[in-house]
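Asker: Sharing a structure below in structure tokens format, with a few things to ask.
Each value in this text was obtained by applying a stated rule to the coordinates, not by laboratory testing. The structure displayed is predicted, hence computed values, not measured ones. Every residue, glycine among them, receives a Cβ derived from its backbone with ideal geometry; neighbour counts consider all protein chains shown.
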Amino acid sequence: MSILSEIIGTVKDVIDVARSTATGMSITLSQIPKAKKTVSYPEEPVTIFQRFRGEHMLTRNADGKENCVSCFLCAAACPADAIYIEGADDPRPYAERETQDHRYAKIYRIDYGRCILCGFCTEACPTDAIKHGHNFEWAVYTPGEMVKDKEYLLKNFERDKDLNIKLV
Ligand code: SF4
Ligand code: SF4
């Protein structure tokens, strides 16, 4: 290769780099006048869509009774085998029970190491007992912490109302 062709190749490379840099900078600079999307969460609310599938919550009815009737439909619908339930019976009258039905979930667990947040469980549930909440702060340090029990999921029903979010 002659010296002249080497010089021409180098000049072409320099022009290509300059063109790429100019293109990149033009995109960056074009964003400066636009409205900023950064939110100082948790001091400011973060915008979340209604359909967002966050951490699940087990719901209660207007009387404060657990809605789950331990029918296992959510576990059957789950493609990831992430839901574990053990049912039990509570023969006491409605006023004395924690649950809306005699049949209830003594144990209800979701393993978020398996869950793919598909929402099938919520669609299968006949009593709207299992729903996706809006919580997205659920990072943990160990796999064991990814398994959430019934008490935790019931508390999520209360926590969801206190999240610093703006639903749209
Ligand atoms: S969201 Fe999907 S993967 Fe997760 S528990 Fe429900 S059905 Fe299973
Ligand atoms: S959460 Fe719903 S679908 Fe799952 S066991 Fe309870 S009532 Fe049945």
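Asker: Rounded to whole Å, give me the distance from the Cα center of region 7-27 to that of region 48-92.
Answerer: Result: 58 Å between the Cα centres.
Asker: Rounded to the nearest 0.05, what FRET efficiency do residue 155 and residue 35 have when you use their Cβ-Cβ distance and R0 = 35 Å?
Answerer: Working: r = 36 Å, r/R0 = 1.03.
Efficiency computed from Cβ-Cβ geometry: 0.45.
Asker: Hey, another quick one. Can you tell me the orientation of helix 150-162 relative to the chain, as the angle in degrees between its alpha-carbon axis and the longest Cα principal axis, to the nearest 10?
Answerer: Compared with the principal axis, the helix lies near 60 degrees.
Asker: Pairing rule first: another cysteine's C-beta must sit under 4.7 Å. Under that rule, which cysteines of the chain stay single?
Answerer: 68, 71, 78, 115, 118, 125
Asker: Once you've got the Cα coordinates, tell me which of 34/166; 106/150; 37/166; 65/148 are over 18 Å apart.
Answerer: 34/166; 65/148
Asker: Mind ordering 23-31, 147-155 by average Cβ neighbours within 10 Å, highest first?
Answerer: Those peptides, ordered most packed to least, come out 147-155, 23-31.
Asker: Just name one of 116, 18, 48: the one whose Cα is farthest towards the positive end of the charge dipole of the chain (beta-carbon charges, Lys/Arg +1, Asp/Glu -1).
Answerer: Highest projection toward the positive end goes to 18.
Asker: Another one. Using only the alpha-carbon atoms, how far is helix 3-31 inclined from the longest principal axis of the chain? Give it as 0 to 90 degrees, nearest 10.
Answerer: 40 degrees
Asker: Oh, and also: Return the loop-located chymotrypsin sites (Phe, Trp or Tyr not before Pro) in region 112-147 (DSSP other than H, G, I, E, B) with at most 11 other Cβ atoms within 10 Å of their own Cβ; answer none if there are none.
Answerer: In loop regions of region 112-147 (DSSP not H, G, I, E or B), the sparsely surrounded chymotrypsin sites (Phe, Trp or Tyr not before Pro) are 141.
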